[in-house]
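First the structure, in the form of structure tokens, and then the observations on it.
Each value in this text was obtained by applying a stated rule to the coordinates, not by laboratory testing. Treat the numbers as computed from the prediction; the structure is a model and nothing was measured. All Cβ positions, glycine included, derive from the backbone under ideal geometry; neighbour counts span all protein chains shown.
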Amino acid sequence: MSKFSLGRVVATPGSLSELERLCVNPVVLIGRHAALERGSLDPEDHERNQQAVVDGSRVFSSFVYSGVKFWVITEWDRSVTTILLPEEY
């Protein structure tokens, strides 16, 4: 269950390639992001996400699978959520 609107969900080609290689369904990342799971965020960034749901700022998640880091970002206006690799930012 999402705690905020995700908007349109998109993913970069690099992230999709890595997810496929690792046999990870992108829906899993979106679900974890939408549930505000901490993932590999430090406590301060996790708290910022909790506040973002209240104040409407950007929601940022970071998850690591088999040593590969994925970011999931929902823009402040909730128009789009993007799955990407850090080097694609």
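Calculate the translational D of the chain in whole µm² s⁻¹ from Stokes-Einstein, where the hydrodynamic radius comes from the Kirkwood formula applied to all Cα pairs, the temperature is 25 °C and the viscosity 0.890 mPa s.
Using the Kirkwood radius from Cα pairs, D works out to 190 µm²/s.
Among 57, 35, 70, which residue has its Cα furthest toward the positive end of the charge dipole of the chain, with +1 on Lys/Arg Cβ and -1 on Asp/Glu Cβ?
The residue sitting most towards the positive pole is 35.
Please give the FRET efficiency for residue 79 paired with residue 45, using the beta carbon to beta carbon distance and R0 = 25 Å, rounded to the nearest 0.05.
Efficiency for this residue pair is about 0.70.
Which residues among the stretch 57-72 fall inside the zone where the amide N is under 15 Å from a point 7 Å beyond the Cα of residue 23, along Cα→Cβ?
Counting only backbone N, you get 66.
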